[in-house]
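Asker: Starting off with a structure, shown below.
The values are calculated or read from the model by the stated rules, or taken from the named source; none is laboratory data. Note that the structure is predicted; figures quoted are calculated from it, not measured. As a convention, Cβ positions derive from the backbone with ideal geometry for all residues, glycine included, and neighbour counts pool all protein chains shown. We work out accessible area using only protein heavy atoms, side chains counted, and drop any ligands, DNA or RNA first. Shrake-Rupley method; radii C 1.70, N 1.55, O 1.52, S 1.80 Å.
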Amino acid sequence: FFTVSKLQRALGDEENAVAFEAALKLYADPIIRKALARALAVPDEQIRRSRTALFLYLLKHHDHDQAT
């Protein structure tokens, strides 16, 4: 369902195509959907680095979220 361009548009990030491609290869759509929804739900003023960084962090830590 997800493509690099969809992730770029959703996150407003045209520079991290390689990271998005890697994420699409590593993670199933439901995991990407959940991480994207969580990253987009955070208000701008609470984002420390970037929304893309938050999204990638949430993807990498999805196993921990499922365990709790």
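Asker: Hey, what's the chain come to in accessible area per residue, 1.4 Å probe, Å²?
Answerer: Working: 4760 Å² over 68 residues.
Counting only protein heavy atoms, the per-residue value for the chain is 70 Å².
Asker: Determine the dipole magnitude for the chain: charges of +1 sit on the beta-carbon of Lys and Arg, -1 on that of Asp and Glu, nothing else is charged, the reference point is the Cα centre, and the result goes in debye to the nearest 20.
Answerer: Rounded to the nearest 20 debye, it is 100 debye.
Asker: In the chain, carbon and sulfur make up what percent of the accessible area (probe 1.4 Å)?
Answerer: On the way: 2500 of 4760 Å².
Carbon-and-sulfur percentage of accessible area, whole number: 53.
Asker: Among [x] -0.85, -1.27, -1.36, -1.44; [y] -0.77, -1.19, -1.28, -1.36; [z] -1.00, -1.19, -1.21, -1.22, which one is log10 I(q)/I(0) by the Debye sum over Cα atoms at q = 0.21, 0.26, 0.27, 0.28 Å⁻¹ computed from these coordinates?
Answerer: Label of the calculated value: [x].
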